[in-house]
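So that we are looking at the same thing, I have put the structure below in structure tokens.
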Amino acid sequence: MKAPKILILRAAGTNCDLETENALRAVGAAPERVHVGQFRSGRRRLMDFDALVIPGGFSYGDDIAAGRVLANQVRLYLKDLRQFVRLGRPVLGICNGFQVLVKAGILPASNTCEQTASFTVNDSGRFESRWVNLRINSQSSCIFFKGLPEMIELPVAHGEGKLVLKSPRQLEEMKKNKTIVLQYVSDDGKISGYPDNPNGSVFNIAGLCNAEGNVLGLMPHPERFTAIHHHPNWTRQTFLKSGVGLEMFRNAVQHCRS
Amino acid sequence: MIAEIQPLEDLESACRRHSWSLNAQELAAVRRHFKALRRAPTRAELESIAQTWSEHCKHKTFTGPIRFSDGKKTERIANLFDRTIAKATRELARPWCLSSFKDNAGVVAFGKKKGRWAVAFKVETHNHPCAIEPYGGAETGVGGVVRDVLGVGLGAKPVLNTDVFCFAAPDFDGPLPEGALHPKRTLRSVVAGVRDYGNRLGIPTAAGGLCFDPGYRLNPLVFVGTVGLLPTWALKKEVKAGDLIVAAGGRTGRDGLHGATFSSAGLSADSPASAVQIGHPLNEKKLLDALLAARDKRLYRAVTDCGAGGFSSAVGEMAEGRGARVRLENAKLKASDLKPWEIWLSESQERMVLAVPPKNLKALSEVFAAEDCELSVLGEFTSTGRLVVTHEGQAVVDLDLKFLHHGLPRVEKTAVWTAPKPQAVKVEQVKRSPAEILKFCLSHLNVCSREWIIRQYDHEVQAGTVIKPLQGVRHDGPGDACVIWPHAATGEMKDFSAFAVSHGLNPAYGRLDPYRMALACVDEALRNLICVGADVEHAVLLDNFCWASPDDPRQLGALVRAAQGCHDAAKGFGTPFISGKDSLYNQSKDANGKDAAIPGTLLISALAPVADARRALTMDIKGPGNALYLVGCTGEELGGSLLAQACDLPGGCAPKVDPKTAASAFKAVAAAIAKGLVLSAHDLSEGGLAVAAAEMSFSGEFGAAIDLDMVAKAGPIYSNEVLLFCESQSRLLLEVKPEKEAALLKALKGVVVKRVGVTMANPILKVIGLDGLVCLEEPLCALKAAWQGTLPRLLS
């Protein structure tokens, strides 16, 4: 079967794109890193790809605010992104990519393109690089988490990861339509504070998806857990079989093929 | 605009006014040169000469003649660097060292596929800038060393950053002279600078160190290192006459004028803040992406970074042996009112200079435009042997390159060394209990947890940090070294070839004996590499000397001893140096107007391959009922130790290293680890056996029981405290499964190794003293709390 063509969107100052490419290639995709300027000039088209990944790290140095500049460019130059989403093609925003999806109004999903949430500086006031325990919402329809256990571990690395919402009502709606797909928890699965929740995000939100489940934005980095040797305790734990992140990418590729 | 002319008559006063840091002999050489030419120099010419001849660029002390006397005999050392560090590398002649001391960084072969990849390593200091503007100084320090690696061969992709800081304790509350910053502010700002720059570049900062000593109060030291990966074909660079001089990256502004000359003098309240550059990580990232894309299309023939001296030194260096013609009006500027000499000398950041065949210019411009990165054609390389710079047709510089690079008069310096008199430490004066001393050591600034800093660095970007700086059950124990699996750079996820990086530094030993300090630093760096399972037989070293004024014969004498120590360590361990740097004049006037010099400091950085990242090791105890083996001999070596500090015991000798014995032990241990006979390994450094055992235990959350009677002793030792805390070198603590003990002992035949204890489920550290009684029993949580509390308490 043909390998799905997956766009890794780059911009000035993007990082984490190469390891994301390696992860996608490892699960049989045909990833391509393309600079957003290529869409600005019209040389490349979003619709030619089967899936989109906006990688983590930084974009434009995160000057102004994390992901802000690239989010504007996504609105302006990737105009058919909403169509892309409607067609059910997978869209994954990792860390900075999640910030871009939120600031471009793709997540939390709404009928308008309006931005309804944002990110602010971590409660600790510092960049936080650590592994966290996460709970997947087993009732969500998110395609990326199919077949994964309810509790997973992934690393986070960000300075502006605290998700803030417009209103308490919005949170209630998101709970109801099961789009809060990933939450920071303690090692026994309970909602808890710092450092389990590394940034102070409302309701411990680590990741959001749309109601259809094909768009996922998350602060943790799945591309940094694609081999068991990425896990901080691989020298102690012999039960690790495969990287959680790799399974997420595999799910995306399988979804493209089906 | 007419170029500024500098009359030769008042050269001296101009030199002072513009802080050129040229001495009388150098000024005389300049005067002679221009008298012969029958003309006065321009400001830009003098600035070029001052930058090129500065200690910072030419390393005059290390490469100049020295009359060295050690009280018994006097010898003339023609070139200290060549007679010590470079000599060891030359004599060892390791075939895997692809480039040593020549290019912007040292380069060694990497990976299973021979001849495919090479790894470049460089460590720089940015001490003077960080003293007056710590945030900006740290940022541009990182930026500079990253560009050094980008400028190796045709450019290497950075895959790891390291940082080592030397500060005064952040709780200092005494008087500071005018203009000096408080150590707490310096520390916080330097960490923020490294974080904000390194994280934005997407390079993991995963190795480093932190050392506190009151001697760094006015002159903090900031070492920044970068490891890069490049294909072997990209090692070779050459400049041909006719190639275009292309400046790429950031624009040129007035920031960072006189950086090189300012770094070549002592610091004072009126040191110019404008000498510190302003960093812009986004520009550097764009430059990095564009440059590596152009490299892979083979669009340029040579590249170097614009560091100290800006265009003047970058173009001057590349044109050596050829010639160059530069038109400054072509440079892209941040401000339109820059004088020609300012454009020529500015050290604005994020710029590189390329030699581009004219036919490739169009393709190169396209690659850079696609990455939103600017470039400009400054001129072309020639074959005239002259450096000719003009601005709007007006001559700015017209210098003979031979004079610029080789006209520097060599001035002999005097060095005196007085061997330290051995002074016995009075062990009977140890009045504190072992538990108290252990908590003192664990909470000591030089041992305590660095988590507060490490968490602020993205140490896992590029997804290759297989052994992380923080290890153990709760990911917070002190790792010995990091292991990087650079698949993001090679694109090969199936190849698990990796490398490990570590450091060694100890100014406390240096105060007693700089020669022994050098050996101990090399020993420590190699020990750390072994503990993560690296192949130390293929290790390479970098040296970074930070010293006070070499014009003081005693300071220079100590420097010579340290350099000789480096030579003997390299030869003894069979481990060559591949790169290095020195930063001198680290001294200032203190609040009373007295000269305060830093303790002579040597940072050794080591890099070694890890053949298979999946066989690497961490330092945390893995389970109960395993044996603990101590490799190496314990002597009564307390000089410069934490025990001596804890109990206020003056004197003593710095610990001695026997590199031959240590090397064979290290080799055997590394082989045993490669065979999978060891579960965890940790090195014994500050705080000795007690600290190592405590760290392994609380990181793995399993207890340990140690019997001091079993420790191998070099001579009679009757004190539990000495055995627990002395800092004899070349020692490692290994955790071994009972069924592998016999195999381990067989693998370590001929090595001093003793079974000193066992691990247990009970979470305590228990030590049986020489009298058979329990001399220390502490719960691990109390030890860990002592170890973790210090930095958050002092910095949050």
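The values are calculated or read from the model by the stated rules, or taken from the named source; none is laboratory data. As the structure is a prediction and not an experimental result, all values here were calculated from the model. Because the Cβ atoms are built from the backbone with ideal geometry, glycine has one as well, and the counts that use them run over all protein chains shown.
Mind checking which residues of region B:463-489 are farther than 22 Å from residue B:619 by Cβ and either within 9 Å of chain A (Cβ to nearest Cβ) or of a type in the set (Phe, Trp, Tyr) (or both)? First the steps, then the outcome.
Of the residues in region B:463-489, the ones farther than 22 Å from residue B:619 by Cβ are B:463, B:486-489.
Hits for region B:463-489 are B:463, B:487, B:488, B:489.
Sticking with this one: If the Cβ limit is 9 Å and pairs must be 6+ apart or interchain, which residue in region B:659-678 that is within 27 Å of residue B:516 (Cα to Cα) pairs with which residue that is of a type in the set (Phe, Trp, Tyr)?
Hits for this filter: B:659/B:573; B:660/B:573; B:662/B:573; B:663/B:573; B:666/B:573.
While we're looking at this one, here's another question. State all residues of region B:298-320 that are at pLDDT 90 or above and closer than 21 Å to residue B:407 by Cβ; if no residue qualifies, say none.
B:310, B:311, B:312, B:313, B:314, B:315, B:316, B:317, B:318, B:319, B:320
Related question: Does at least one position in region B:540-548 carry a residue that is more than 27 Å from residue B:64 (Cβ to Cβ) and crowded, with 24+ Cβ neighbours inside 10 Å?
Let us first name the residues in region B:540-548 that are more than 27 Å from residue B:64 (Cβ to Cβ), namely none.
Within region B:540-548, none of the residues are more than 27 Å from residue B:64 (Cβ to Cβ) and crowded, with 24+ Cβ neighbours inside 10 Å.
Condition check ((1) crowded, with 16+ Cβ neighbours inside 10 Å; (2) facing chain B (nearest Cβ under 9 Å); (3) under 23 Å from residue A:86 (Cβ atoms)) across all residues:
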{"site": "A:5", "(1), (2), (3)": "no, no, yes"}
{"site": "A:21", "(1), (2), (3)": "yes, yes, no"}
{"site": "A:34", "(1), (2), (3)": "yes, no, yes"}
{"site": "A:44", "(1), (2), (3)": "yes, no, yes"}
{"site": "A:50", "(1), (2), (3)": "yes, no, yes"}
{"site": "A:54", "(1), (2), (3)": "yes, no, yes"}
{"site": "A:57", "(1), (2), (3)": "yes, yes, no"}
{"site": "A:60", "(1), (2), (3)": "yes, yes, no"}
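Taking the conditions exactly as written (over 21 Å from residue B:687 (Cα atoms), of a type in the set (S, T, N, Q) and free of Cβ contacts under 8 Å to residues at least 12 places away in the same chain), does residue B:592 satisfy them or not? It would help to see each step written out before you state the result.
Details: over 21 Å from residue B:687 (Cα atoms): yes; of a type in the set (S, T, N, Q): yes; free of Cβ contacts under 8 Å to residues at least 12 places away in the same chain: yes.
Yes; evaluated as a whole, the condition is true for this residue.
For the list (1) surrounded by 20 or more Cβ atoms within 10 Å (Cβ to Cβ); (2) outside any strand (DSSP E or B); (3) away from chain B (no Cβ under 14 Å), I need the number of the one condition that residue A:246 fails.
(3)
Could you list all residues from region B:495-512 that are crowded, with 24+ Cβ neighbours inside 10 Å and more than 20 Å from residue B:165 (Cβ to Cβ)?
Once the filter is applied, which keeps residues that are crowded, with 24+ Cβ neighbours inside 10 Å and more than 20 Å from residue B:165 (Cβ to Cβ), region B:495-512 yields B:498, B:499, B:500.
Right, next: Across region B:593-646, which residue is nearest to the other protein chains (Cβ to nearest Cβ) among those that are part of a helix (DSSP H, G or I) and under 24 Å from residue B:520 (Cβ atoms)?
Of all residues in region B:593-646, those part of a helix (DSSP H, G or I) come to B:613-615, B:642-646.
Now restrict to residues that are under 24 Å from residue B:520 (Cβ atoms): B:642-646.
Values: B:642: 28, B:643: 31, B:644: 35, B:645: 31, B:646: 31 Å.
Among residues in region B:593-646 that are part of a helix (DSSP H, G or I) and under 24 Å from residue B:520 (Cβ atoms), the one nearest to the other protein chains (Cβ to nearest Cβ) is B:642.
Scan the strands (runs of 3 or more DSSP E) fully inside region A:151-237 and keep the ones with 1 or more residues being within 14 Å of chain B (Cβ to nearest Cβ) and either modelled with pLDDT of 95 or more or surrounded by fewer than 18 Cβ atoms within 10 Å (Cβ to Cβ) (or both).
Numbers: elements: A:151-158, A:162-165, A:180-185, A:205-209, A:215-218.
Output list reads A:151-158.
Please specify each residue of region B:414-466 satisfying the condition of being at pLDDT below 95 and of a type in the set (Lys, Arg).
Residues satisfying the conditions are B:421, B:426, B:431, B:432.
Also, quick follow-up: Report, by residue number, each residue of region A:23-57 that is farther than 13 Å from residue A:74 by Cα and either in contact with a His (Cβ under 6 Å, 6 or more places away or on another chain) or among the basic types (Lys, Arg) (or both).
Passing the criteria: A:25, A:33, A:43, A:44, A:56.
Sticking with this one: Scan region B:15-31 for residues that are surrounded by 12 or more Cβ atoms within 10 Å (Cβ to Cβ) and within 15 Å of residue B:257 (Cβ to Cβ) and report the count.
4
Only one residue in A:132, A:69, A:102 is within 19 Å of residue A:156 (Cα to Cα), within 14 Å of chain B (Cβ to nearest Cβ) and of a type in the set (A, V, I, L, M, F, W, C), so which one is that? Spell out how you get there, then give the answer.
On the way: A:69 fails: within 19 Å of residue A:156 (Cα to Cα); A:102 fails: within 14 Å of chain B (Cβ to nearest Cβ).
Only one candidate passes the filter, namely A:132.
Would you check if there is a residue in region B:644-662 being crowded, with 23+ Cβ neighbours inside 10 Å and more than 27 Å from residue B:433 (Cα to Cα)?
yes
When region B:565-597 is examined, which residues are found to be surrounded by 24 or more Cβ atoms within 10 Å (Cβ to Cβ) and of a type in the set (A, V, I, L, M, F, W, C)?
If the condition is that a residue be surrounded by 24 or more Cβ atoms within 10 Å (Cβ to Cβ) and of a type in the set (A, V, I, L, M, F, W, C), then B:566, B:569, B:570, B:573, B:577, B:578, B:584 are the ones that fit.
For region B:571-596, give me each residue that is of a type outside the set (S, T, N, Q) and under 20 Å from residue B:124 (Cα atoms). It would help to see each step written out before you state the result.
In the first step, residues of region B:571-596 are kept if they are of a type outside the set (S, T, N, Q); the result is B:571-574, B:576-578, B:580-582, B:584-585, B:589-591, B:593-596.
Passing the criteria: B:576, B:577, B:578, B:580, B:581, B:582, B:584, B:585.
Also: Please go through region B:78-91 and give me each residue that is touching a Pro at 6+ places or on another chain (Cβ under 7 Å) and buried (at least 17 other Cβ atoms within 10 Å of the Cβ), ordered by number. First the steps, then the outcome.
Of the residues in region B:78-91, the ones touching a Pro at 6+ places or on another chain (Cβ under 7 Å) are B:78, B:88-89.
Within region B:78-91, B:88, B:89 qualify.
Scan region B:444-452 and give yes if some residue there is more than 13 Å from chain A (Cβ to nearest Cβ), buried (at least 24 other Cβ atoms within 10 Å of the Cβ) and of a type in the set (Ser, Thr, Tyr), otherwise no.
Checking region B:444-452: not a single residue is more than 13 Å from chain A (Cβ to nearest Cβ), buried (at least 24 other Cβ atoms within 10 Å of the Cβ) and of a type in the set (Ser, Thr, Tyr).
Residues that are under 27 Å from residue B:537 (Cα atoms), crowded, with 24+ Cβ neighbours inside 10 Å and more than 16 Å from the chain's Cα centre (by Cα): does region B:120-143 have at least one?
Checking region B:120-143: not a single residue is under 27 Å from residue B:537 (Cα atoms), crowded, with 24+ Cβ neighbours inside 10 Å and more than 16 Å from the chain's Cα centre (by Cα).
Of the residues that make up region B:139-150, is at least one in a helix (DSSP H, G or I) and of a type in the set (Lys, Arg)? If you could, list the steps in order and put the result at the bottom.
We begin by selecting, within region B:139-150, every residue in a helix (DSSP H, G or I); these are B:139-150.
Narrowing the set further to residues that are of a type in the set (Lys, Arg) leaves B:147.
Yes, region B:139-150 contains at least one residue that is in a helix (DSSP H, G or I) and of a type in the set (Lys, Arg).
Okay, moving on. Please verify whether region B:130-137 includes one or more residues that are more than 21 Å from residue B:457 (Cα to Cα) and modelled with pLDDT of 95 or more. So that I can check it myself, show each step before the final result.
Going through region B:130-137, the residues more than 21 Å from residue B:457 (Cα to Cα) turn out to be B:131-132.
From what is left, the residues that are modelled with pLDDT of 95 or more are none.
The answer is no, given that none of the residues of region B:130-137 is more than 21 Å from residue B:457 (Cα to Cα) and modelled with pLDDT of 95 or more.
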